[in-house]
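Where a number appears in this text, it was derived from the coordinates with a stated rule and is not lab data. Predicted model only: the values in this text are computed from it and were never measured. Neighbour counts are summed over all protein chains in view; Cβ atoms, including those assigned to glycine, are modelled from backbone coordinates with ideal geometry.
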Amino acid sequence: MDIILAIESSCDDTSAAICVDGKVLSNVTASQAVHAAYGGVFPEYASRAHMVNIIPVVDAAIKQSGVLKEDINAVAFTRGPGLIGSLHVGIAFAKGFALVHDLPLIEVNHMQAHILAHFIEEPKPAFPFLCLTVSGGHTQIVLVHDYLEMELIGETQDDAAGEAYDKAAKMLGLTYPGGPMLDKLAHTGDPHKYEFPFPAIAKYGFSFSGLKTSILYFLQKQTALNPTFIEENMPDLCASIQYRINSILVSKLSKAAKDYHIKEVAIAGGVSANSGLRAMLADAGAKNNWNTFIPDFQYCTDNAGMIAITAYHKFLRKDFSNQSVEPEVRMDV
Ligand code: KG4
Ligand code: ZN
């Protein structure tokens, strides 16, 4: 049996998973509440919280899986992209564990792992497929040729979709991370009440900074006329902002699918938890005759299950790292 312990610590979630022969048996994540007071991830506090959480999280993942620590065959970790201090905690732990138990180390690219989260559970996409990877730090369209062979065909020029959600939510007075809260409030709103601009970016590129500015100016203008404008129109504002962000994402994805003649289409990353995006992808799939793939909620946001499944494919290819490996803050897929 091939048993892999995987660690994810790239941002503000400390996560560990155990995967046996490509099957994820446990996936334990400790999130960090400390950042809410700062309106965003406070890197120094993230590193400290990882230090506190990592051993209990790993212990829980091993215990829940039912495997014995002595039977683990390899240790995987997120090398990047991510926050340098956060990455260091996971990498140092993985190196120490590997050294003590004399195991190979497997480095994993966090963005590749978000995509391969689709191979944790059924249904699994067939190669080649297109994946829209939308997180707090990235917005990418990736053509996935094989487990570890991926081609970046489009990405954002400025903010990521998750950042656009979080910043818009902040302007509406919602607490960090605002994306999930905005999603919830949008349920009862009218997505066409307010029309926000669609950026004119060529091909499969994205830009969210202009949208962010237009939301800001719109809110400033309206609250100058009526100071309680936001409170009075919260669901409609959330639904309209959500509609615009998602329609930008799905229209670029549709263009890529058409141009590359791809019918297997997936979404991944934290923003793929957005209910509006999930519904819009399902609609586009029905209209265009695609097979669509939407990960289970626990595998949308940062988790070690996706690191484990990626590591399994590297393990099969004996793609190991040595003890001198360092974090990489920016890495291409
Ligand atoms: O992939 P992820 O967990 O971490 C990164 O690698 O960045 O993504 C986090 C991002 C945050 O910006 C968060 O607001 C956004 O995903 N997010 C959502 C939802 N759930 C998480 N955005 C919109 N709607 C949601 N339901
Ligand atoms: Zn992520």
Evaluate the charge dipole of region 126-294 about its Cα centre and quote only its size in Debye, nearest 20, assuming +1 on the Cβ of each Lys and Arg and -1 on the Cβ of each Asp and Glu. 280 debye
For K63, which lysines qualify as cross-link partners when the Cα separation must be under 18 Å and same-chain residues fewer than eight apart are set aside? K23
Rounded to the nearest Å, what's the spacing between the alpha carbon centres of region 304-333 and region 81-117? Just the number, please. 7 Å
C-alpha center-to-center spacing [region 237-280, region 1-70] in angstrom: 29 Å
So what is the calculated 222 nm ellipticity per residue for the chain, using -39500 (n - 2.57) for each DSSP H run with n of 4 or more, over all residues, to the nearest 500 deg cm²/dmol? -14000 deg cm²/dmol
Count the DSSP beta bridges whose two residues both fall in the chain, then state the antiparallel fraction as a percent rounded to the nearest 5. 60 percent
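Are there any helices in the chain, counted as whole DSSP H runs, that stretch 24 Å or more along their axis by Cα and score at least 1.0 on average by Kyte-Doolittle, and if so which?
Helices meeting the span and hydropathy rule in the chain are 84-101.
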Flagged as over-length at 25 Å C-alpha distance, from K95/K318; K255/K287; K167/K252; K124/K287; K69/K314; K203/K314, the pairs are K203/K314
Return, ordered by residue number, the residues of region 99-137 whose backbone nitrogen is under 14 Å from a label point located 7 Å along Cα→Cβ of D2. 104-107
For the chain, the Cα gyration tensor yields equivalent-ellipsoid semi-axes (√(5λ), largest first, whole Å) of 35, 23, 16
Positive end of the charge dipole of the chain (Lys, Arg +1 and Asp, Glu -1 on Cβ, about the Cα centre): tell me which of A6, Y194, M51 has its Cα farthest that way. Y194
Based on the alpha-carbon gyration tensor of region 69-167 and its eigenvalue square roots a ≥ b ≥ c, which shape applies: rounded if a/c is under 1.5, prolate if not and a/b is larger than b/c, or oblate? oblate
Taking Rh as the Kirkwood radius computed over C-alpha pairs, what is the Stokes-Einstein D of region 126-294 at 37 °C in a medium of viscosity 0.692 mPa s, expressed in µm² per second? 202 µm²/s
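Taking R0 as 51 Å, what's the FRET efficiency between S324 and A282 from their Cβ-Cβ distance, rounded to 0.05?
0.65
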